[in-house]
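One structure below.
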Ligand code: NAD
Ligand code: UDP
């Protein structure tokens, strides 16, 4: 299959390109590099021995997306491109709706015009909002709590409606939990700009001595040690989930909405301990106030992913921390 991967130069996209190329697919990366470095393509080539085609462009430019689909005769799209910082989405909601909702609409328009009938979308567990029950099943009501989550929900709705209107089009809405880790080579990984918002890159930067300590956002939640609990999933497992989603849509001719997580929750302090073990470094922490908008705890019900996709995360917390640390220690300044 020849696949257009929007946002393919980013964190999850680059790992998915590796799994697609290793699986014998052809890949066209479409990315405007607003949060990525072109050097990632050299690294993907180094790992796989194959270089993805690269088109530098914005997803909101429907004509350019259409031209890329036609020129390279793509038959499927994996749509990662978008903005993902919750705090920034509160400050700049229109920028988020423009990139994540209008951008997705433009990619769908290009798919419609070019006859591309397989579409995989990066959604998020944030669409569920406050847990009415746990673990989150795909049937859990959706109620995103911030502009970022609302753009994901709006995009999901638009994609579903498109698939109803064009019944030959099959779509996969993949709801990721908390992606961490890196390719085991240490050649590709997460490269946040500035101060990381997310826990894992912050913790590994403390371990590397780039930051003095981790601020733990609250230790008075109703969780075993009082700190927030999340379902961390290795990015390579997540990447493999995309390949399974494409294969499943092709085999069964069905659209699907599935969680991609491990089904296990770990607290902030458990992550700190596991990175200490992986790195052999001490990670100083300071307890701070709760972060606005954070939920105490949630994790995935993984039964549907297993049943529909035959997919189950294989890498445990130790592997996630080992690979995050391997990437951080080999690339102290990210892609330079
Ligand atoms: P990332 O920022 O590393 O990758 C996104 C890529 O999209 C970047 O390479 C960026 O340059 C590109 N991009 C952004 N806007 C674009 C535009 N208008 N046109 C073309 N390219 C554009 O982020 P990631 O962590 O790899 O996330 C990928 C997707 O998964 C996003 O849609 C994100 O919302 C979603 N997601 C991420 C997480 C997470 O914690 N990382 C969790 C759930 C869902
Ligand atoms: N967290 C923290 N300190 C940080 C970053 C995150 O204590 O510097 C906590 C956060 O409160 C949450 C967990 O780590 O309980 C995961 O946060 P992250 O931002 O990585 O992902 P989220 O689940 O919020 O999308």
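Any idea which of 203, 272, 233, 258 is within 16 Å of ligand 1 (Cβ to nearest atom), touching a residue at least 60 places away in the same chain (Cβ under 8 Å), part of a helix (DSSP H, G or I) and crowded, with 21+ Cβ neighbours inside 10 Å?
When all the criteria are applied, what remains is 203.
Taking the range 218-228, which residues are touching a residue at least 60 places away in the same chain (Cβ under 8 Å) and more than 16 Å from ligand 1 (Cβ to nearest atom)? Spell out the reasoning first.
Our first condition is that a residue be touching a residue at least 60 places away in the same chain (Cβ under 8 Å); within the range 218-228, this holds for 218-223, 228.
Across the range 218-228, the qualifying residues are 218, 219, 220, 221, 222, 223.
Condition first: outside any helix (DSSP H, G or I) and touching a residue at least 40 places away in the same chain (Cβ under 8 Å). Now tell me which residues in the range 106-128 satisfy that. So that I can check it myself, show each step before the final result.
At the first step, the residues of the range 106-128 found to be outside any helix (DSSP H, G or I) are 115-124.
Of everything in the range 106-128, those that are outside any helix (DSSP H, G or I) and touching a residue at least 40 places away in the same chain (Cβ under 8 Å) turn out to be 116, 117, 118, 119, 120, 121, 122, 123, 124.
Given the structure, is residue 120 within 15 Å of ligand 1 (Cβ to nearest atom) and surrounded by fewer than 21 Cβ atoms within 10 Å (Cβ to Cβ)?
no
Would you mention how many residues in the range 176-200 are in a loop (DSSP other than H, G, I, E, B) and either in contact with a helix residue (DSSP H, G or I) (Cβ under 6 Å, 6 or more places away or on another chain) or in contact (Cβ under 8 Å) with a residue 60 or more places away in the chain (or both)?
Narrowing the range 176-200 to residues in a loop (DSSP other than H, G, I, E, B): 177, 181-198.
Subsequent filtering for residues that are either in contact with a helix residue (DSSP H, G or I) (Cβ under 6 Å, 6 or more places away or on another chain) or in contact (Cβ under 8 Å) with a residue 60 or more places away in the chain (or both) retains 177, 181-193, 196-197.
Number of matching residues: 16.
Among the residues of the range 142-157, is there at least one that is modelled with pLDDT of 95 or more, farther than 30 Å from residue 284 by Cβ and not in a helix (DSSP H, G or I)?
Looking through the range 142-157, at least one residue is modelled with pLDDT of 95 or more, farther than 30 Å from residue 284 by Cβ and not in a helix (DSSP H, G or I).
For the structure I just gave you, tell me whether residue 151 is touching a residue at least 12 places away in the same chain (Cβ under 8 Å), in contact with a helix residue (DSSP H, G or I) (Cβ under 8 Å, 6 or more places away or on another chain) and surrounded by fewer than 20 Cβ atoms within 10 Å (Cβ to Cβ). Explain how you work it out, then say what you get.
Values: touching a residue at least 12 places away in the same chain (Cβ under 8 Å): yes; in contact with a helix residue (DSSP H, G or I) (Cβ under 8 Å, 6 or more places away or on another chain): yes; surrounded by fewer than 20 Cβ atoms within 10 Å (Cβ to Cβ): no.
No, not satisfied.
Among the residues of the range 181-200 satisfying the criterion of being surrounded by fewer than 16 Cβ atoms within 10 Å (Cβ to Cβ) and away from ligand 1 (no atom under 12 Å from the Cβ), which is nearest to residue 278 (Cα to Cα)?
Residue satisfying both the conditions and the ranking: 184.
So which residues in the range 273-286 are in contact with a strand residue (DSSP E or B) (Cβ under 8 Å, 6 or more places away or on another chain) and more than 9 Å from ligand 2 (Cβ to nearest atom)? So that I can check it myself, show each step before the final result.
Let us first name the residues in the range 273-286 that are in contact with a strand residue (DSSP E or B) (Cβ under 8 Å, 6 or more places away or on another chain), namely 274, 283-286.
Selection gives 274, 283, 284, 286.
Looking only at the range 186-201, count every residue that is within 9 Å of ligand 2 (Cβ to nearest atom) and more than 13 Å from residue 327 (Cα to Cα) and tell me the total.
So the first thing to find is which residues in the range 186-201 are within 9 Å of ligand 2 (Cβ to nearest atom), and the list is 195-201.
Okay, now just the ones that are also more than 13 Å from residue 327 (Cα to Cα), so 195-199.
Count: 5.
Quick test for you: out of 42, 31, 98, pick the one residue that is surrounded by fewer than 18 Cβ atoms within 10 Å (Cβ to Cβ) and either within 13 Å of ligand 1 (Cβ to nearest atom) or closer than 25 Å to residue 167 by Cβ (or both). Steps first, please.
Values: 42 fails: either within 13 Å of ligand 1 (Cβ to nearest atom) or closer than 25 Å to residue 167 by Cβ (or both); 31 fails: surrounded by fewer than 18 Cβ atoms within 10 Å (Cβ to Cβ).
Only one candidate passes the filter, namely 98.
Any chance the range 165-175 includes a residue that's touching a helix residue (DSSP H, G or I) at 6+ places or on another chain (Cβ under 8 Å), part of a strand (DSSP E or B) and more than 16 Å from ligand 1 (Cβ to nearest atom)? Working first, answer last.
The first filter runs over the range 165-175 and keeps only residues touching a helix residue (DSSP H, G or I) at 6+ places or on another chain (Cβ under 8 Å), leaving 166, 169-175.
With part of a strand (DSSP E or B) added as a condition, the list becomes 170-175.
If we keep only those that are more than 16 Å from ligand 1 (Cβ to nearest atom) too, we end up with 170.
Scanning the range 165-175, I find at least one residue that is touching a helix residue (DSSP H, G or I) at 6+ places or on another chain (Cβ under 8 Å), part of a strand (DSSP E or B) and more than 16 Å from ligand 1 (Cβ to nearest atom), so the answer is yes.
Of the numbered conditions (1) in contact with a strand residue (DSSP E or B) (Cβ under 8 Å, 6 or more places away or on another chain); (2) part of a helix (DSSP H, G or I); (3) more than 14 Å from ligand 2 (Cβ to nearest atom), residue 247 satisfies every one except a single condition; which is it?
Among (1) in contact with a strand residue (DSSP E or B) (Cβ under 8 Å, 6 or more places away or on another chain); (2) part of a helix (DSSP H, G or I); (3) more than 14 Å from ligand 2 (Cβ to nearest atom), the lone unmet condition for residue 247 is (1).
Return the total of residues in the range 275-311 being assigned to a helix (DSSP H, G or I) and farther than 26 Å from residue 88 by Cβ. Step through it out loud before you land on a result.
Of the range 275-311, the ones assigned to a helix (DSSP H, G or I) are 275-279, 303-309.
When the remaining residues are screened for being farther than 26 Å from residue 88 by Cβ, the result is 276-279, 303-309.
The qualifying residues number 11.
The values are calculated or read from the model by the stated rules, or taken from the named source; none is laboratory data. Because the structure is a prediction, the values reported are computed rather than measured. Because the Cβ atoms are built from the backbone with ideal geometry, glycine has one as well, and the counts that use them run over all protein chains shown.
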